[in-house]
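**Student:** Encoded as structure tokens, here's the structure I'll be asking about.
Every read-out reported here was derived from the displayed coordinates using simple, explicitly stated rules and does not represent laboratory data. This is a predicted model, so every value here is computed, not measured. All Cβ positions, even for glycine, are placed from backbone atoms using ideal geometry, and neighbour counts span all protein chains on display.
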Amino acid sequence: MQLFKASLAKNTDEELMQKATAGNSRAFEELYNRYATKLLGYFTRMLWKDKELAEDCLHKLFLNIIEKPELFNPSRSFKTWLYSSAHNLCKNEYRRMKHQSPDDGIIQQPAANEPALPAIQEHLFDNKQFLVALETELEQLGENHRQTFQLRYFDHLSLKEIAVVMECSEGTVKSRLFYALKALSQKLTPFKNLLQQ
């Protein structure tokens, strides 16, 4: 049994999804184990830190995969498809709750290169005060800027993956990241000394 689990662990997400579509429940379980924790964090951050709502959305997402596995296009990246589905569930919740933040728009001059996260040392993320301040300031960003920042720096998606999830161009992703980083750096100046350590 352990050997079977090890062999599934070596499969790509796309291979696992094909097996799950064919009825292999262990392949589905492996996909769930790979993504459930990350997606729960994503939903929690995007849905007003409402843990119960985040758990509901996580269950809806994986239930949709079980009920309609044919919606996955094997020529696409499973990870991108999964986050696109999660993004759509969040948009549905925003509409349902009528709690959608107004979009701040897009900066007219996108950054030439991908904006780099300031040189934040790993220990900084352990600093609870910084995290509280960061989360507070993220809440002040418009929905698109906040979500783009979170997909990039919390969920570690590439610019291309974010563009697919957010249904926009890579240039727009860069612009949103530039805006978010600029706004956050201005608001988090009290932590400047910590950032330089």
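**Student:** Is it the case that some residue within the stretch 167-174 is under 19 Å from T44 (Cβ atoms) and assigned to a loop (DSSP other than H, G, I, E, B)?
**Tutor:** no
**Student:** I need the full set of residues from the stretch 55-75 which are touching a residue at least 24 places away in the same chain (Cβ under 8 Å) and within 18 Å of L40 (Cα to Cα), in order please.
**Tutor:** Listed by number, the residues that qualify are C57, K60, L61, F62, I65, I66.
**Student:** Go through the stretch 160-171 and count every residue that is surrounded by 19 or more Cβ atoms within 10 Å (Cβ to Cβ) and either on the phi > 0 side of the Ramachandran plot or touching a residue at least 12 places away in the same chain (Cβ under 8 Å) (or both).
**Tutor:** Count: 5.
**Student:** When the residues of the stretch 136-159 are filtered to those that are in a loop (DSSP other than H, G, I, E, B) and touching a residue at least 40 places away in the same chain (Cβ under 8 Å), which remaining residue is nearest to W81 (Cα to Cα)?
**Tutor:** Looking at the filtered set, the residue picked out is L157.
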